[in-house]
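These notes are about the structure you will find just below.
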Amino acid sequence: MDNYQPVIGLEIHVELKTKAKMFCQCPADYFGRPPNSQTCPVCLGLPGALPVPNQKAVAYTHLIGRALNCCLNQTSKFDRKHYFYPDLPKGYQISQYDQPLCSDGKIKFHGSDSWHRIRRVHIEEDTGKLIHQGNETLIDFNRSGVPLMEIVTEADFATSDDVKIFLEQLQMLIRDLEVSDADMEKGSMRFEPNISIQDTENQLPSYKVEVKNINSFRFVKQAIDHEIKRQIEILAKGETPAQETRGFDENKSVTHSQRIKEEAHDYRYFPEPDIPPMSFDQTSIQKIEDSLRSKSTFDNRRTFLIDKCKLNNENAFIIAMDRGKFLFFTACLPLVDEEIIPKMANIIVNKPQLMQGVSSAIFVEKAQKMFRLKPIDDNQLAQVIGKVLIDNPKAVEDYKKGKQNAVNVLVGQVMKEMKGQADAQSVRKKIEEKLK
Ligand code: ZN
Ligand code: MN
């Protein structure tokens, strides 16, 4: 087994939360709507209809691209990707081929040991939806033309666990940036892992297997694990797995062959003649940077909790990971004294049940009662500091002689007298002020 090294890459499709579809004015929110009630000549692919790109969808794709540290390309264009299937009446999908909106990114998510390279992020249109009923197949075109962002990674993943961590954090990022609900049950986030096995050193595999349209973190892990096992069995017999596209059977947790994988030339890509190429200047790229900085992302939340609220790394991580917890925590901030904010965080992390179904005000009240969290009485603290300085003349003298560490003894004494209610950092500050 040790000689076999899995090589895994990902394609992720995400439906963007714009009002209108990608190339027409029909509403993009199709979920639960009567079939074919949100269509027009453009998204039905009728001859002569002209597509007009949705600027918001382009901006959303740029935003995700920047968050993944991609380069936002100054010029970009749309291309036709041809294939024949009933969910695509035009006979081609408007997508992007050699000039995507974003390219060459990399990201290291929390919990992952390594950076993962992002090959590209581009925009395309979703297809209609086929509904199979017995011997009949029905088509609903409400989904046809919904903006679809595609994120393509390099084959940098070696385990299904690493893939799962990546996808979970990517989902959080997409939700934080509010470009999509990334709801897998509704199909607004879908995964296509490609898997191959490297069996000889320094030589890349000569084939690649792609698993289509997986819609849960658990299934993507199962599909990858099944593929790794299946491919190693073939390689162990001295054979090479076929280059193909496979489907995932959710009930049996296995993959099965669907079709021999297409090559790019099979799609006969060519530039979309109805949409002029796009160009982006420095100002519009700067706008994307600015809006990224103003968003509540995991990194921004974590930095705020550590720098502004003085939380320890662990609590900052846990609260920043959960947007609901973070919002609750920040709602409590104006209600409590600065010194007890880190303790408040402790309670939110360790006793989350106290937050259930109550307002932040009631939570703060409960927490203060249960844990005797009282804002520090400044007079009391000043008195205690005065007493400790008198009781510890040696430490005071050492400090005055330049021994900075002597202050630790004094801080410890004050904390003991205050029964841990005070915050060590502010106690230290107050003692140093007093000594000067
Ligand atoms: Zn339409
Ligand atoms: Mn695609």
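Only the coordinates and a few stated rules stand behind these numbers; no lab work does. These figures come from a predicted structure and were not determined experimentally. Cβ atoms come from the backbone with ideal geometry, glycine included; neighbour counts cover every protein chain shown.
Just a few scattered comments:
- Taking the longest Cα principal axis of the chain as reference, the axis of helix 323-332 is set at about 30 degrees.
- Here the gap between Gln383 and Ile234, fully extended at 0.36 nm per residue and compared with their Cα-Cα distance, gives a gain of 45.8 nm.
- Legend: distances between Cα atoms for Lys106/Lys252; Lys17/Lys295; Lys56/Lys108; pairs beyond 23 Å are Lys106/Lys252; Lys56/Lys108.
- Each residue, Thr303 and Asp337, gets one label point 7 Å from its Cα in the Cβ direction; the gap between the two is 3.1 nm.
- Toward the positive end of the charge dipole of the chain, with +1 on the Cβ of Lys and Arg and -1 on the Cβ of Asp and Glu, the farthest Cα among Asn194, Leu88, Asn312 is that of Asn312.
- Taking the Cα centre of the chain as origin and assigning +1 to Lys and Arg Cβ atoms and -1 to Asp and Glu Cβ atoms, the resulting dipole is close to 1820 debye.
- Neighbour-count ranking [beta-carbon atoms within 10 angstrom, fewest first] of Met172, Met149: Met172, Met149
- Shape of segment 236-360, Cα gyration tensor, a/c cut at 1.5: oblate
- Farthest toward the positive end of the dipole of the chain, out of Pro393, His226, Gln425, is the Cα of Pro393, where the dipole comes from beta carbon charges about the Cα centre.
- Crossing angle, helix 360-371 versus the chain [Cα axis fit, 0-90 degrees, rounded to tens]: 50 degrees
- Taken about its Cα centre, segment 311-436 carries a charge dipole of roughly 220 debye when the Cβ of each Lys and Arg holds +1 and the Cβ of each Asp and Glu holds -1.
- Label-point separation, Glu432 to Leu130 (7 Å along Cα→Cβ), nm: 7.0 nm
- Charge dipole (segment 227-333, unit charges on Cβ, about Cα centre) - positive-most of Asn251, Phe270, Thr283: Asn251
- Calculated [θ] (222 nm, deg cm²/dmol) that DSSP helices of n ≥ 4 give over the chain, each run adding -39,500 (n - 2.57): -11500 deg cm²/dmol
- Sorting Ile260, Ile197 from the fewest to the most surrounding beta carbons within 10 angstrom yields Ile260, Ile197.
- Considering only His62, His265, His226, the mean-square fluctuation computed in a Gaussian network model of the chain, springs between alpha carbons under 10 angstrom, is largest for His265.
- By the count of other C-beta atoms within 10 Å, a proxy for reagent exposure, Tyr60, Tyr399 are ordered fewest to most as Tyr399, Tyr60.
- Spin-label pair Val358/Asn3, simplified geometry with 7 Å Cα→Cβ offset, distance in nm: 6.3 nm
- In a simple Cβ point-charge model (Lys, Arg +1; Asp, Glu -1; nothing else charged), segment 181-329 has a dipole of about 660 debye relative to its Cα centre.
- Between Ile123, Ile107, Ile362, the Gaussian network model of the chain with springs among Cα atoms under 10 angstrom shows the greatest mean-square fluctuation at Ile362.
- Shape category assigned to segment 152-280 from the gyration tensor of Cα positions, a/c cut at 1.5: oblate
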